[in-house]
Amino acid sequence: MNGPEPALSPAAPLALAGTRTETPESTPLLSVCMIVKNEQEHLPGCLQSIADVADEIIVLDTGSTDATRDIARDFGAVVHEHPWQNDFSLHRNQVLALASGEWVLSIDADERLEQESAGALRKLLANTPQDVNGLRVQIRDFSAEGALNYTTRYPRLYRRIDGVHYEGIVHNQVHIPGKISDAPLVIQHFGYDLDRHKMRRKFKRTVSLLKKQMRANPDDPAPCFYLANTYSHYERHEQAVRYARKTIALLQQGWRSAGPFLPVWHTLASSLIALQDYPGARKACDEALSHKQDYLDAWYLLGRIGFLQQDFDTTGRAADRYLALHQKLITEKQGAIEIPLHSVGREHVGFFWQGLARESAGDIEAAVAAYKKAVTAENAGYAFAIEMIHNVFELFGEQSGLRAAQTACGRFGQDADFILLLAKQCARRDLFRVFREELFDPGLRVEGSRLGALGEALLALLQNDHSRAVEALFTAVHDGNAASVAVLSRLVFSSQIDLPPAVEAEMKDGLQAAAILHSAATIIDGTFDGRNVPGLSLPAGAAADDEIGLMYHLSSILINALRGEIEEMLSNLQAACSALGVAFPETFDDITQLKTILIALHAASRDAGRSAVSLLAIAVGYMLFSENIDVREMFEAAKKEDAERNGPPDIRLRWYLAYLFGGRYFTNTPAAVTATETVSR
């Protein structure tokens, strides 16, 4: 390891491999300047992105305790050290003073210069008119999953001339004398997806510095503005609203026009939406539009508010305007982004909202066309498609949901993860027959699915290939999905796969849920033997009134009755009645009362749309009162109806998909879609 270099020692120009080497008398074209601290994870990617375009890389380290300095030196950077002074501008000005190039590129360790931009950078600088002293580049912020969070423009390139300097101890701003133009360059930012400890530390540091700056300049809206953004980013929405409104108050006092502070209304509206103050959020959007009628984010948020309130007229108008502005932005490219924009790249959501508005108006053809645009848009993934289908089902019912599903299958029908989550959506709605006959491709194979062998097993079961499913299950035990395999194998095949005790403990809830569903399935198909079934347990993650909880109580009623456990039976019966709103008698002294209550539970759960629970309730009644003609006829009718809607009686697989797959009982599967809010963000 090299020894530390003198603090803020003069920096010598470097000639890096693959770059233009300057003659001793000439001035280097480009200096890359950075301030860093403990950036060993991000720094290599950043330096790799600029290594072939920089004449010198100057790094000011403010106290790293990891390998940051060594990594920088490995890339040929000149590293200087200075203790952190709680002032970003101070350190940016220090490193700027060390540069010797004609131009300076300021970049952070958690950023990358886009490859296409790197290829064009040196030629662009060489051809920039002499009266232009600064160049705004596009900054694109990405999540850890690769989704675009927002985009903006900022002058990251500037000539090294007198008067260039930074101000602001945090969220510092560069001041460049003279003309600033836009450049067709992109810097990608990845820095907001840190682990919880680092995020908390970054949050506390940022808030502390901003409050210090606010105390020093109480009439300046900038620190209030950035505090509002910081609190919103970390989901402290009450504080975000407070500082957003304080920012607006300072602007209204005449300190300056909205200008670069226009996004404060986006912050305000977003936080009010999170607090479910939709009227307040609408007002914030309207105020933003009074300052700038073509403000993209305000129209997007108006669409979101309309969606959340199921006001589809508002949703449709806002989506139409958002999509028109978005298209204009993409077409114009240069100079179109004056402020941070959070809704760039979300046109798939805009098309989805358009579809809802057309559906609400009864224009089915236009709705389907909009859904198609939504799922074929560049940023639409299979998870978004599932969310769209879920929402259409919830908002407009079965036929509309199936139309959306058929549209999405046009793009994702060969995606195993999409198909399995679609199977879950259909299984929960008693549409399994439609899924298998109209949506599922029997020839589908798993290629690149993150479910691996578990996905192969599920698809094999859907294709009625049990031997391939068993083979895949045993492969999956060694493929990182042992816990999920345990649940699937014990439910569908009633088989044991030996697992380490730690996995058994981890999967306690999942295995208990599988046991409940297995018992319920055997009750329905007539193979249940309550005397040889171990007692069931309600999983910790289940509620008494959800499907797993109700199936637990109904199955336990039968087990208790067959074993003569009257008190336990009555306790489970009362819990089921309470969950479904069925009256429970004050006294229970006649076995026929049990029959009457089971019939009532069957009817109540059917009316509530809980078909699986309804079928199980009457199946329990049939097991106990098979000689009763009414009970027998109700049971046969319920089985027939279930078969008509769901096809062959592979009820275990259907219930696995509906209630366990992608749910809260185990990990390593795609997350279930359970709320209409997700797709609107």
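Of the options Y300, L227, L98, report the single residue whose Cα projects farthest towards the positive end of the charge dipole of the chain (beta-carbon charges: Lys, Arg +1; Asp, Glu -1).
L98
Ordered by residue, what ³J(HN,Hα) values in Hz, to whole numbers, does segment 388-395 give under the Karplus form 6.51 cos²θ - 1.76 cosθ + 1.60, where θ = phi - 60° and Gly and Pro are x?
4, 4, 4, 5, 5, 4, 5, 8
Go through 508-520, 301-313, 433-445 and give me the packing order, highest mean Cβ count within 10 Å leading.
My ranking of the peptides, most packed first, is 508-520, 301-313, 433-445.
Starting from the Cα gyration tensor of segment 181-250, take the square roots of the eigenvalues, sort them a ≥ b ≥ c, and report rounded, prolate or oblate (rounded when a/c is under 1.5, otherwise prolate if a/b is larger than b/c, else oblate).
Because a/c hits 1.5 or more and a/b fails to exceed b/c, segment 181-250 counts as oblate.
Quick one: pull the percent of accessible area on the chain belonging to carbon and sulfur, 1.4 Å probe, ligands and nucleic acids left out.
It is 49 percent, rounded to a whole number.
What is the distance, in nm, between label points placed 7 Å from the Cα along the Cα-to-Cβ direction at S181 and at Q48?
The modelled label-to-label distance comes out at 3.3 nm.
Which FRET efficiency value, to the nearest 0.05, is calculated for S578 and A249 with the Förster distance at 41 angstrom and r the Cβ-Cβ distance?
Taking R0 as 41 Å, the efficiency between S578 and A249 is 0.20.
For the chain, what is the mean residue ellipticity at 222 nm derived from helices alone (per DSSP H run of n ≥ 4: -39500 (n - 2.57); sum divided by total residues; nearest 500 deg cm²/dmol)?
Calculated at 222 nm, the ellipticity per residue is -17000 deg cm²/dmol.
Determine the percent antiparallel among the DSSP beta bridges restricted to the chain, to the nearest 5.
Expressed as a percentage, antiparallel bridges in the chain total about 45.
Please get the size of the charge dipole for the chain, origin at its Cα centre, with Cβ charges of +1 on Lys and Arg and -1 on Asp and Glu, quoted in debye to the nearest 20.
Roughly 1680 debye for the chain.
Can you pull the one-decimal nm distance between simple spin-label points at L444 and E565, each 7 Å off the Cα toward Cβ?
Rounded to a tenth, the inter-label distance reads 4.0 nm.
For segment 144-265, give the magnitude of the charge dipole about the Cα centre (Cβ charges: +1 Lys/Arg, -1 Asp/Glu; no others), in debye to the nearest 20.
Taking the Cα centre of segment 144-265 as origin, the dipole is about 420 debye.
Using modelled backbone amide H atoms (1.01 Å from N, in-plane), which distant-in-sequence or interchain residues come within less than 5 Å of L444's amide H?
Sorted by chain and number, the residues that satisfy this come to none at all.
Calculate one ³J(HN,Hα) per residue across segment 345-351 by plugging θ = phi - 60° into the Karplus curve 6.51 cos²θ - 1.76 cosθ + 1.60, and present them in order as whole Hz with x for glycine and proline.
Those phi angles translate into x, 10, 5, 4, 5, x, 5 Hz.
Pull out the extension gain between A540 and K37, defined as 0.36 nm times the separation in residues minus the alpha carbon to alpha carbon distance; nm, one decimal.
Between A540 and K37, full extension yields 176.7 nm more.
Using mean Cβ contacts within 10 Å as the protection proxy, how do 165-177, 87-99 order, highest first?
Top to bottom by mean Cβ count within 10 Å: 87-99, 165-177.
For segment 611-661, with the dipole built from +1 on Lys and Arg beta-carbon atoms and -1 on Asp and Glu ones, taken about the Cα centre, which of L657, A619, G647 lies farthest toward the positive end?
Positive-end residue among those listed: L657.
What length, rounded to one decimal in nm, is gained on full extension from E238 through to Q406, with 0.36 nm per residue of separation minus their alpha-carbon distance?
Result: 56.3 nm gained on full extension.
Treating the beta-carbon of each Lys and Arg as +1 and of each Asp and Glu as -1, no other charges, what is the dipole magnitude of segment 257-396 about its Cα centre, to the nearest 20 debye?
It works out to roughly 200 debye.
Just to confirm the number: angle between the C-alpha axis of helix 88-97 and the first principal axis of the chain, 0 to 90 degrees, nearest 10?
Long axis of 88-97 versus the principal axis of the chain: about 40 degrees.
Relative to the longest principal axis of the C-alpha atoms of the chain, give the angle of the C-alpha long axis of helix 312-332, reported between 0 and 90° and rounded to the nearest 10°.
40 degrees
Sort 103-115, 129-141 for me by packing, meaning the mean count of neighbouring Cβ atoms within 10 Å per residue, highest on top.
Packing order, densest peptide first, comes out as 103-115, 129-141.
Taking only pairs that are 8 or more places apart or on different chains, how many Lys pairs in segment 177-285 have Cα atoms under 29 angstrom apart?
For segment 177-285, the number of qualifying lysine pairs is 12.
Taking the chain as the region of interest, what is the percent of Cα-Cα pairs per 20 angstrom bin, listed from the shortest bin to the one with the maximum distance?
So the P(r) values, bin by bin, are 15, 37, 31, 13, 2, 0.
The values are calculated or read from the model by the stated rules, or taken from the named source; none is laboratory data. Remember, it's a predicted structure, so these values are computed and weren't measured experimentally. Heads up, the Cβs are rebuilt from the backbone with ideal geometry, glycines too, and the neighbour counts pull from every protein chain shown. Calculation scope for accessible area: heavy atoms of the full protein, side chains included, ligands and nucleic acids excluded. Shrake-Rupley method; radii C 1.70, N 1.55, O 1.52, S 1.80 Å.
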